[in-house]
Amino acid sequence: MTVDGRVHNIDRYYDTPRFDLLQQAVFVRSRNDQQLEFKFNEQGETAHRQSTERVFSLFPDPGMYEKMNALFTRFLPHWSASSNFSEAVTKNNLTELAYINNTREVYVDGAIHLSIDHVEGLGDFLEVETQCDTTVALVFEQGEQSQSRKTQLF
């Protein structure tokens with residue numbers, strides 16, 4: 001296993017006051033005030049042993065905002081489309097559920113990724129996942145990048 005690096009992340013997790021996303025095992029976070037990440041199971045399973053992750057820039061062009069709004073609408077049918085994430089938070093009454101400040105050490109051996117998170121105020125956590133290369137897709141549209149990948153947690 002080789003060291004893949006060390007990163008510092010500030011994550012803000014969002015949901016509605018009634019936890020509509022969490023009840024569907026959907027996690028939405030902003031990472032480092034640069035990107036918006038969705039994590040969910042395509043089949044709607046709540047165990048989260050396998051998940052799809054969609055990542056969007058927080059500064060995308062209008063075409064990417066349409067895709068972000070469509071994904072929110074998939075999980076929140078009464079979603080009001082917005083032209084930026086700050087506006088979306090206000091218009092849709094999203095609440096910041098958690099603020100997580102962590103340093104992550106990443107180790108890699110082929111498709112196996114081992115991450116050790118040192119979370120401020122909570123302690124240390126271990127995550128082991130395998131990247132499913134056959135389902136990795138990068139979508140480039142109108143100069144913006146949206147990333148989708150599937151992972152299997154152990």
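Once the stretch 15-54 is narrowed to residues that are among the β-branched types (V, I, T) and in a loop (DSSP other than H, G, I, E, B), the residue that is modelled with the highest pLDDT is T16. Residues in the stretch 55-74 that are at pLDDT below 90 and either hydrophobic (A, V, I, L, M, F, W, C) or not in a helix (DSSP H, G or I) (or both): F59, P60, D61, M64. Against the definition (in contact (Cβ under 8 Å) with a residue 60 or more places away in the chain, touching a helix residue (DSSP H, G or I) at 6+ places or on another chain (Cβ under 7 Å) and surrounded by 16 or more Cβ atoms within 10 Å (Cβ to Cβ)), how does R54 come out, yes or no? Answer is yes for this residue. Among the conditions (1) modelled with pLDDT under 90; (2) surrounded by 15 or more Cβ atoms within 10 Å (Cβ to Cβ); (3) in contact with a Ser or Thr (Cβ under 6 Å, 6 or more places away or on another chain); (4) closer than 23 Å to S57 by Cα, the only one that R149 does not satisfy is (3).
Restricting the stretch 35-51 to residues that are polar (S, T, N, Q) and touching a Phe, Trp or Tyr at 6+ places or on another chain (Cβ under 8 Å), the residue that is surrounded by the fewest Cβ atoms within 10 Å (Cβ to Cβ) is Q35. Looking across the stretch 75-101 at every residue that is modelled with pLDDT of 95 or more and among the aromatic types (F, W, Y), the one that is farthest from the chain's Cα centre (by Cα) is identified as W79. The set of residues from the stretch 103-125 being in a strand (DSSP E or B), over 17 Å from T2 (Cβ atoms) and either touching a Ser or Thr at 6+ places or on another chain (Cβ under 7 Å) or free of Cβ contacts under 8 Å to residues at least 60 places away in the same chain (or both) comprises D117, H118, V119, G123, D124, F125.
The values are calculated or read from the model by the stated rules, or taken from the named source; none is laboratory data. Everything quoted here is computed from the prediction, not taken from an experiment. Cβ sites come from the backbone with ideal geometry, for glycine too, and all protein chains shown count toward neighbours.
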